[in-house]
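Encoded as structure tokens, the structure appears first; notes follow it.
The values are calculated or read from the model by the stated rules, or taken from the named source; none is laboratory data. If you're wondering where the values come from, they're calculated on a predicted model, not measured in any experiment. Please note: Cβ atoms are built from the backbone with ideal geometry, for glycine as well, and neighbour counts cover all protein chains shown.
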Amino acid sequence: MYTISQFGQEIWPTMRLPSGRQPLVYGDPAYFLGPGIIGAYRNLRNRDMTPAERQFNKHMSRQRMSVEWGFGKALMQWGFLGHKLNFKVGLSPVGSYYAICILLANVHTCYWGSATSVKFGCQPPSIFEYLDFE
């Protein structure tokens, strides 16, 4: 997906935060590391991680957990997403199914909250804020 999306060559170079800095995407060890994508620090043969690097890894691990909980909610609400036999890449719009189910899970969270928002102390936005209605 990283290669197909041309993220590192086409998308990331054009992205800017309000501060002018380029954002980074954090990927777990299964992700390809490339332009715009960072991963956890690791001990090297001749150098152990610094305390700051360990703290960074700990912090990012917690952030990843909150994202995974969000995907878990979508899987609980729309169980068919977890059935790999239902999907044939190239024959089924797999990416669209996930995008729609995540959107609906987020809408559900706006109305009824979620265990994730309680656990991480993050109040969900109103449906009007989420869908950018004025």
Go through region 64-98 and give me each residue that's under 20 Å from CYS110 (Cα atoms) and touching a strand residue (DSSP E or B) at 6+ places or on another chain (Cβ under 8 Å). none
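Okay, residues lined up against (1) hydrophobic (A, V, I, L, M, F, W, C); (2) modelled with pLDDT of 85 or more:
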{"position": "SER5", "(1), (2)": "no, no"}
{"position": "ALA30", "(1), (2)": "yes, no"}
{"position": "LEU33", "(1), (2)": "yes, no"}
{"position": "ASP48", "(1), (2)": "no, yes"}
{"position": "LYS58", "(1), (2)": "no, yes"}
{"position": "GLU68", "(1), (2)": "no, no"}
{"position": "HIS83", "(1), (2)": "no, no"}
Starting from residues that are assigned to a strand (DSSP E or B) and not aliphatic (A, V, I, L, M), keep the ones in region 11-56 and report whichever is farthest from GLU68 (Cα to Cα). ARG47
Unmet requirement for GLY90, which otherwise passes all of (1) surrounded by 10 or more Cβ atoms within 10 Å (Cβ to Cβ); (2) closer than 30 Å to GLN9 by Cβ: (1)
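What about ILE127, is it closer than 28 Å to ILE4 by Cβ and free of Cβ contacts under 8 Å to residues at least 60 places away in the same chain? Spell out the reasoning first.
Working: closer than 28 Å to ILE4 by Cβ: no; free of Cβ contacts under 8 Å to residues at least 60 places away in the same chain: yes.
Judged against the criteria, ILE127 is not a match.
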List every residue pair whose Cβ atoms sit under 7 Å apart, with the two residues 6 or more apart in sequence or on different chains, where the first one lies in region 98-120 and is over 27 Å from PHE87 (Cβ atoms) and the second, anywhere, is assigned to a helix (DSSP H, G or I). CYS110/ILE127; CYS110/TYR130; TYR111/ILE127; SER117/THR109; PHE120/SER66
Looking at (1) out of contact with any Gly (no Cβ under 8 Å at 6 or more places or on another chain); (2) not in a helix (DSSP H, G or I), which one does ILE4 not meet, given that it meets all the others? (2)
